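Peer 1: Please see the structure below; I have some questions.
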Amino acid sequence: MSEKLLEARTLTMQFGGLKAVNELDFFVNRGELMGLIGPNGAGKTTVFNMLTGVYQPTTGEVVFEGNPIRGLKPYQIARQGLTRTFQNIRLFRDLSVIENVLVAGSHLARYGLMAPVFETKNFRQLESEQYERARHLLDIFGLEGKKDWSSGTLPYGEQRKLEIVRALATGPKMICLDEPAAGMNHKETHNLMELIAKIRQEFSLTVLLIEHDMKLVMGICERIVVLDHGVKIEQGTPQVVQSSPKVIEAYLGVDEA
Amino acid sequence: MRVPMLTFLGLMILGVIAEFTLDSFVQLMLIYVLINMILGMSLNLVNGFTGQFSLGHAGFMAVGAYVSAYLSTLFPDLTGGMGLVTFPVLALLGGLAAAFAGYLVGLPSLRLRGDYLAIVTLGFGEIIRVTLLNMPAVGGARGFYGIPGPTDWDLGGFVISKFLIGYAQAMFWVVACFFVIWRVVRSAHGRAFLSVREDEIAAEAMGVDTTKAKVRAFVLSSFFAGIAGSIFAHYANYLNPASFGFNRSIDAVIIVVLGGMGSLTGSLVAAVFVTLMPELLRPLQELVGVDVRMVVYSLCLILLMILRPKGLFGSKEVFELVRKYVRKTS
Ligand SMILES: Nc1ncnc2c1ncn2[C@@H]1O[C@H](COP(=O)(O)OP(=O)(O)OP(=O)(O)O)[C@@H](O)[C@H]1O
Ligand SMILES: [Mg+2]
């Protein structure tokens, strides 16, 4: 029953003299909620960038649903069903909230360049479906009422939520969340995690989560990979990770000092 | 299709009024305004909506102008009412030639991020101009004379003027250009353009083929630049490579920046301003005796940029601002 959806094989990312990620191996099973943790600068975001095609790994391979995807462009990887959010929020700030969501589904709306000009039946139908779908997704995250807001004017926490909605709109099988709760208070974070659990159910999603809050990760993730200085130092269930001396030394030790 | 059609018919009524009220010089300026509107709106698609920077719009205009002018000399008898049919077709062919040129220029340069497009299009504009200077078949530096164009159309005593036929064809393309861009921008294709402008990396991660989006916007933009060129060629009956220099590309950029990046109605207003400003300043020049036109012209631009740094209308359309104003005051 545990089928590998995503597999990273000896991924290495070299920036000049710095090996930001060094021969990293890990996999994510279909339907799993997996955590990726590590201290600041451990290379977590770099891993996401390699998985989603933003960076070309120096060496190694990424396999998604059995197909190698290294070297594909980010949009091709997104269309195959692997998508992400950004740690440093990258919304289309001058577009409205719903437009942000619509952009992400645009490859699903199949009509020609001239269809909108002549307002063909096909165009109108696909377009109203797109809007319907976008509103539904926004509704899940309580953003439907602000659909016409300029996305850059949303409060910070809602911008983070919109990032997730937008990623969902691409119709993903797997979503990589880069610190989705960063900057949120305890209550907001709790609320967000419930939402993540909900969308996981509703869209049968696989989730790879980067999160700084250790307790939170321990609480919801089924398995965890720990990075330090670009190297995987531990992986396993929260219990295993929690009691690993290497993790305590590298991560908790530093964090609590 | 009803709205564009009615818009066109409404604007034709204005054309008839212009026919009887304006003198021929002002009528000529009006045609130039319409041409600049097409140039401005089409460049806005690339520079405003898609967030790229093209500096060679005059080059694509030249391609459209020369191709359609050359084709029309092969069928010399295009006068009178025939013009109503033939000139739109010629414009279409000129537009397609320019679109093809746009594809050839855009594909390699738009793959890359950054300002390559500005440099490549700048070079392209110059290459086209210099090539035309050295093509005897289309007049070279002497210019291309005797291009057929609209003429007065005599319907047994009732004459439809050259101006009105020219106005009809230019206005037809203004309306077409406006509605094509307006509607494409409000579709999945156009939202892809906008997302490229906003954040290319995020757009890619959301499944947008950004290279394709950029090339599409660029080709469509070049198409309309070619159309503008064709209208220009047949109305003036004469072409000279000097008309398609860097200054004209800059004029187009100024229209986009003044009117607002991403505001079509802004481009329409700015096109009027940019076309008429030098003419309105001509009396001043005669008064002072030195060429102050360009100085005053630049000062106006600087002032406008200080007062409204995002252009006259920002990325909003004129009626959105009017609506906002009405709501505020009521
Ligand atoms: N494009 C780049 N060029 C050069 N160095 C980079 C680049 N991107 C990341 N790095 C470096 O790689 C290392 C890992 O960075 P990364 O952003 O992946 O860390 P992280 O685990 O996400 O950290 P944080 O918890 O702060 O988000 C850092 O030392 C960073 O400076
Ligand atoms: Mg990071």
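The values are calculated or read from the model by the stated rules, or taken from the named source; none is laboratory data. Treat the numbers as computed from the prediction; the structure is a model and nothing was measured. Cβ atoms come from the backbone with ideal geometry, glycine included; neighbour counts cover every protein chain shown. We work out accessible area using only protein heavy atoms, side chains counted, and drop any ligands, DNA or RNA first. Shrake-Rupley method; radii C 1.70, N 1.55, O 1.52, S 1.80 Å.
Peer 1: Enumerate the pairs (first residue in segment B:82-110 and in contact (Cβ under 8 Å) with a residue 40 or more places away in the chain; second residue anywhere and open to solvent by 70 Å² or more (accessible area, probe 1.4 Å) and part of a helix (DSSP H, G or I)) with beta-carbon separation below 7 Å, excluding pairs fewer than 6 apart on the same chain, so at least 6 apart or on different chains.
Peer 2: B:P88/B:F172
Peer 1: Could you list, in sequence order, all residues of segment B:205-227 that are in contact with a Gly (Cβ under 7 Å, 6 or more places away or on another chain) and among the hydrophobic types (A, V, I, L, M, F, W, C)?
Peer 2: Hits for segment B:205-227 are B:V215, B:F218, B:V219, B:F223, B:F224, B:A225, B:I227.
Peer 1: Are any residues in segment A:192-211 touching a strand residue (DSSP E or B) at 6+ places or on another chain (Cβ under 8 Å) and either at pLDDT below 90 or open to solvent by 70 Å² or more (accessible area, probe 1.4 Å) (or both), and if so, which ones?
Peer 2: The one that is touching a strand residue (DSSP E or B) at 6+ places or on another chain (Cβ under 8 Å) and either at pLDDT below 90 or open to solvent by 70 Å² or more (accessible area, probe 1.4 Å) (or both): A:E211.
Peer 1: Here is a list of conditions, (1) open to solvent by 50 Å² or more (accessible area, probe 1.4 Å); (2) assigned to a loop (DSSP other than H, G, I, E, B); (3) more than 19 Å from A:L209 (Cα to Cα); (4) at the interface with chain B (Cβ under 7 Å from one of its Cβ atoms), and A:F92 meets all of them except one; can you say which number that is?
Peer 2: That leaves (1) as the condition not met.
Peer 1: Could you check, for segment A:106-120, whether at least one of its residues is of a type outside the set (S, T, Y), at pLDDT 95 or above, more than 16 Å from ligand 2 (Cβ to nearest atom) and more than 30 Å from A:Y55 (Cβ to Cβ)? So that I can check it myself, show each step before the final result.
Peer 2: We begin by selecting, within segment A:106-120, every residue of a type outside the set (S, T, Y); these are A:107-110, A:112-119.
Still in the list and also at pLDDT 95 or above: none.
No, segment A:106-120 has no match at all.
Peer 1: Let me ask you something else. Looking at this structure, is A:E32 more than 16 Å from ligand 2 (Cβ to nearest atom), farther than 25 Å from A:K173 by Cβ and either in contact (Cβ under 8 Å) with a residue 12 or more places away in the chain or in the same structural domain as A:M193 (by TED's automatic domain parsing) (or both)? It would help to see each step written out before you state the result.
Peer 2: Working: more than 16 Å from ligand 2 (Cβ to nearest atom): yes; farther than 25 Å from A:K173 by Cβ: no; either in contact (Cβ under 8 Å) with a residue 12 or more places away in the chain or in the same structural domain as A:M193 (by TED's automatic domain parsing) (or both): yes.
No: the conditions fail for A:E32.
Peer 1: Take A:M184 and tell me if it is over 18 Å from A:R93 (Cβ atoms), within 14 Å of the chain's Cα centre (by Cα) and away from chain B (no Cβ under 13 Å). Walk me through how you get there before you give the answer.
Peer 2: Details: over 18 Å from A:R93 (Cβ atoms): yes; within 14 Å of the chain's Cα centre (by Cα): no; away from chain B (no Cβ under 13 Å): yes.
Considered against the rule, which asks whether it is over 18 Å from A:R93 (Cβ atoms), within 14 Å of the chain's Cα centre (by Cα) and away from chain B (no Cβ under 13 Å), A:M184 comes out as no.
Peer 1: Six or more apart or on different chains, Cβ under 9 Å: which pairs go from a residue in segment A:103-118 that's more than 20 Å from B:T210 (Cβ to Cβ) and more than 7 Å from every other protein chain (Cβ to nearest Cβ) to one that's surrounded by 18 or more Cβ atoms within 10 Å (Cβ to Cβ) and of a type in the set (S, T, N, Q)? Could you list them?
Peer 2: Listed by first residue and then by second, the contacts come to A:A115/B:S187.
Peer 1: Another question, then. When you go through A:D213, A:D178 one by one, which is the residue that is more than 24 Å from B:A203 (Cα to Cα) and within 13 Å of ligand 1 (Cβ to nearest atom)?
Peer 2: Values: A:D178 fails: more than 24 Å from B:A203 (Cα to Cα).
Just one listed residue meets the conditions, A:D213.
Peer 1: A follow-up question, please. At negative phi, in contact with a Leu (Cβ under 6 Å, 6 or more places away or on another chain) and part of a helix (DSSP H, G or I): is that true of A:A78 in this structure? Explain how you work it out, then say what you get.
Peer 2: Details: at negative phi: yes; in contact with a Leu (Cβ under 6 Å, 6 or more places away or on another chain): no; part of a helix (DSSP H, G or I): yes.
No, not satisfied.
Peer 1: Here is a check on your reading of the model: is A:R70 assigned to a loop (DSSP other than H, G, I, E, B), of a type outside the set (G, A, S), away from ligand 1 (no atom under 16 Å from the Cβ) and without any contact (Cβ under 8 Å) to a residue 24 or more places away in the chain? Before you say what the answer is, go through the steps one by one.
Peer 2: Values: assigned to a loop (DSSP other than H, G, I, E, B): yes; of a type outside the set (G, A, S): yes; away from ligand 1 (no atom under 16 Å from the Cβ): yes; without any contact (Cβ under 8 Å) to a residue 24 or more places away in the chain: yes.
It is true that A:R70 is assigned to a loop (DSSP other than H, G, I, E, B), of a type outside the set (G, A, S), away from ligand 1 (no atom under 16 Å from the Cβ) and without any contact (Cβ under 8 Å) to a residue 24 or more places away in the chain.
Peer 1: Right, next: Out of all the residues in segment A:66-80, which are more than 10 Å from every other protein chain (Cβ to nearest Cβ) and crowded, with 16+ Cβ neighbours inside 10 Å? Explain how you work it out, then say what you get.
Peer 2: From segment A:66-80, those more than 10 Å from every other protein chain (Cβ to nearest Cβ) are A:66-72; that's our starting set.
Within segment A:66-80, A:I69, A:R70, A:L72 qualify.
Conditions tested, residue by residue: (1) more than 14 Å from every other protein chain (Cβ to nearest Cβ); (2) under 17 Å from A:H107 (Cα atoms); (3) free of Cβ contacts under 8 Å to residues at least 60 places away in the same chain.
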residue	(1), (2), (3)
B:T211	no, yes, no
B:G229	yes, no, no
B:A233	yes, no, no
B:I254	yes, no, yes
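Peer 1: List the helices (runs of 4 or more DSSP H) that sit entirely inside segment A:102-175 and contain at least 1 residues that are open to solvent by 20 Å² or more (accessible area, probe 1.4 Å) and of a type outside the set (F, W, Y).
Peer 2: Details: elements: A:115-118, A:121-140, A:156-169.
Passing ranges, in order: A:121-140, A:156-169.
Peer 1: Would you mind listing the helices (runs of 4 or more DSSP H) fully within segment B:228-330 where at least 3 residues are among the β-branched types (V, I, T) and open to solvent by 20 Å² or more (accessible area, probe 1.4 Å)?
Peer 2: So the answer is B:246-259, B:293-307, B:318-329.
Peer 1: Out of the residues in segment A:119-140 that are aliphatic (A, V, I, L, M) and without any contact (Cβ under 8 Å) to a residue 40 or more places away in the chain, state the one that is nearest to the other protein chains (Cβ to nearest Cβ). Before you say what the answer is, go through the steps one by one.
Peer 2: Of the residues in segment A:119-140, the ones aliphatic (A, V, I, L, M) are A:126, A:134, A:137-138, A:140.
Then drop every residue that is not without any contact (Cβ under 8 Å) to a residue 40 or more places away in the chain, which leaves A:126, A:134, A:137.
Details: A:L126: 8, A:A134: 11, A:L137: 13 Å.
That would be A:L126.
Peer 1: Now, a different point. Filtering segment A:21-59 down to residues that are closer than 16 Å to A:I210 by Cα and in contact with a His (Cβ under 9 Å, 6 or more places away or on another chain), which residue is farthest from ligand 1 (Cβ to nearest atom)? Show your work before the answer.
Peer 2: Within segment A:21-59, the subset closer than 16 Å to A:I210 by Cα is A:21, A:24, A:26-28, A:32-52.
Remaining after also requiring in contact with a His (Cβ under 9 Å, 6 or more places away or on another chain): A:37-43.
On the way: A:I37: 9, A:G38: 5, A:P39: 7, A:N40: 4, A:G41: 4, A:A42: 4, A:G43: 4 Å.
Per the criteria, the residue is A:I37.
Peer 1: When you look at A:N49, is it more than 17 Å from the chain's Cα centre (by Cα), more than 7 Å from every other protein chain (Cβ to nearest Cβ) and within 16 Å of ligand 2 (Cβ to nearest atom), yes or no? Lay out the reasoning, then the answer.
Peer 2: Working: more than 17 Å from the chain's Cα centre (by Cα): no; more than 7 Å from every other protein chain (Cβ to nearest Cβ): yes; within 16 Å of ligand 2 (Cβ to nearest atom): yes.
Criteria not met by A:N49.
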